[in-house]
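The values are calculated or read from the model by the stated rules, or taken from the named source; none is laboratory data. Given the structure is predicted, the values throughout are model-derived calculations rather than measurements. Here Cβ is always computed from backbone atoms with ideal geometry, including for glycine, and neighbour counts include all displayed protein chains. All accessible areas refer to the heavy atoms of the entire protein, side chains included, with ligands and DNA or RNA removed. Shrake-Rupley method; radii C 1.70, N 1.55, O 1.52, S 1.80 Å.
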Amino acid sequence: MGSRTKARRLAVDILFQSDVTGADGRAVLSEWAQAGRELPEFTRDLVEGVVREQLKIDPLINKQLAEGWRLTRVDSILRAILRAGAYEILSRDDVPARVVISEYVDIAHAFFADEEPKVVNGILDRIGHKARPREFTAEGRSDG
């Protein structure tokens, strides 16, 4: 597992804990650091970014959910995956959107065996197309 992959997984774990306990994500980061957990800078950026941008991120995710569904009805770990992925697509253009999507789909597979990885793929793909349309056009892609 690559270092960014591990950092993403840690960020999802921290965001999940924050969501379940109601604690601020930055407080959970601090708790983990005080407990001696090694937290890559990339993990810190993801968690702090989601906390900072959550009022922007959550409505974007809500728009992509099936009719009648709201982010608050989604499983907590799935919510953490979607928030981290959406933040990274919106704010970390140093990583191609397709890579971001693939990474978070893989994380979803670590937790879920059913439809959830497809949901992650669909939602993050739609956010990616809206936030970075050039990356999804033939002339914007560097892979071919």
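Key figures
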read-out	value
Qualifying residue in the range 121-130 (condition: under 20 Å from Leu10 (Cα atoms), at pLDDT 90 or above and either part of a helix (DSSP H, G or I) or within 14 Å of the chain's Cα centre (by Cα) (or both))	yes
Contacts under 7 angstrom Cβ, first residue in the range 12-34 being on the phi < 0 side of the Ramachandran plot, partner open to solvent by less than 60 Å² (accessible area, probe 1.4 Å) and part of a loop (DSSP other than H, G, I, E, B), 6 or more apart	Leu29/Leu39; Trp32/Leu39; Ala33/Leu39
Residue match in the range 103-112 (condition: modelled with pLDDT of 95 or more, out of contact with any Pro (no Cβ under 9 Å at 6 or more places or on another chain) and of a type in the set (D, E, K, R))	yes
Ser76 at pLDDT 95 or above, of a type in the set (S, T, N, Q) and within 13 Å of the chain's Cα centre (by Cα)	no
Only one of Val74, Val120 that is free of Cβ contacts under 8 Å to residues at least 24 places away in the same chain, of a type in the set (A, V, I, L, M) and either under 20 Å from Gln17 (Cβ atoms) or crowded, with 17+ Cβ neighbours inside 10 Å (or both)	Val74
Residues of the range 102-120 satisfying the condition of being within 13 Å of the chain's Cα centre (by Cα), more than 20 Å from Trp69 (Cβ to Cβ) and of a type outside the set (Ser, Thr, Tyr)	Glu103, Asp106, Ile107
Flag for Gln17 being open to solvent by 50 Å² or more (accessible area, probe 1.4 Å) and modelled with pLDDT of 95 or more	yes
Breaking point among (1) charged (D, E, K, R); (2) exposed (fewer than 14 other Cβ atoms within 10 Å of the Cβ); (3) closer than 20 Å to Phe111 by Cβ, for Lys56	(3)
